[in-house]
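Read-outs throughout are calculated quantities, based only on the coordinates presented, and are distinct from any laboratory measurement. Predicted, not measured: the structure shown is a model, and the values here were computed from it. With ideal geometry, Cβ positions are generated from the backbone for all residues, glycine too; neighbour counts draw on all protein chains shown.
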Amino acid sequence: MRLLLLCLAITLTPAVLVGCGSSDNGIASKSAAGILAAARAAATGASSVRVTSNASIGRAKSTLNASYARTQAHVQSSLFDIHYEVIRDANTLYVKGNRAFNRGLERQLAVKIPPNTWLKGSAHSGSLSQITPETELTQELPVILTGSGPLTKGTVTKLDGQPAITLTQKRKLSTATLYVATTGEPYPLQLNKTGTETSQTTLTNWNKPIHIDPPTNALEISQLPRKGG
């Protein structure tokens, strides 16, 4: 499920205006490869970002609404009829899913999960830790900016008033257009994919503090009743 969500919700992305400053950063004079490298460096060097996405491949549709920081994250994801929410607070992970999501965990762990229950566990070990990569800023941002095939550099344009340079890449199932800010930090602002794969994702609030309140009524994963018990 993580691989599908990454393919559908994250690598198919667009982003929008961020408070990037007003001074020209000189990125428009670089080669296409240089622009992409600068955007990757700026993104992976950021302390936080908000990502929202809607994506589809045929009948498969997914959504993502997430805020990432270095030691915290709040992620809401869906794929088909599976919906779940993840909160990361340092070394602790909190997860709540709908019935379809819970059924998968119940089969895997041989437990019973009460409806509308927040589960709590370690972010580094145990059964919930498999979800941890979805909460890590350094894991997710490189995925957004990956791809294969030659890049074509476009011209400077404006995206919701923000000056940006475009990079276009033709892929097997789609054409991807990445917008990179030409003022302030060269953050990736938008990646549109059209074709068999389509998506729209926004990356905003770069380096802005995020505030996340973990649920207070979470049930330790080890406390779940065992099936047949």
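The table below gives the values:
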| item | result |
| --- | --- |
| Dipole-positive endmost among 169, 57, 207 within the chain (Cβ charges, Cα centre) | 57 |
| Of 181, 123, 69, farthest towards positive along the dipole that unit charges on Lys, Arg, Asp, Glu beta carbons give region 58-184 | 181 |
| Loop-resident sites, region 58-155, for chymotrypsin sites (Phe, Trp or Tyr not before Pro), counting at most 14 other Cβ within 10 Å (DSSP) | 80 |
| Net dipole in debye of the chain [+1 Lys, Arg Cβ; -1 Asp, Glu Cβ; about Cα centre; nearest 20] | 640 debye |
| Lysine pairs within the chain, Cα separation less than 15 Å, 8 or more sequence positions apart or different chains | 9 |
| Those trypsin sites (Lys or Arg not before Pro) in region 24-128 that DSSP places in a loop and that have at most 11 other beta carbons within 10 Å | 59 |
| Mean residue ellipticity (222 nm) of the chain, computed from DSSP H runs ≥ 4 via -39,500 (n - 2.57), nearest 500 | -4500 deg cm²/dmol |
| Solution diffusion estimate, µm²/s, Stokes-Einstein, the chain, Kirkwood Rh from C-alpha pairs, 10 °C, viscosity 1.306 mPa s | 86 µm²/s |
| Degrees separating the helix 32-45 axis from the principal Cα axis of the chain, which is the longest one | 40 degrees |
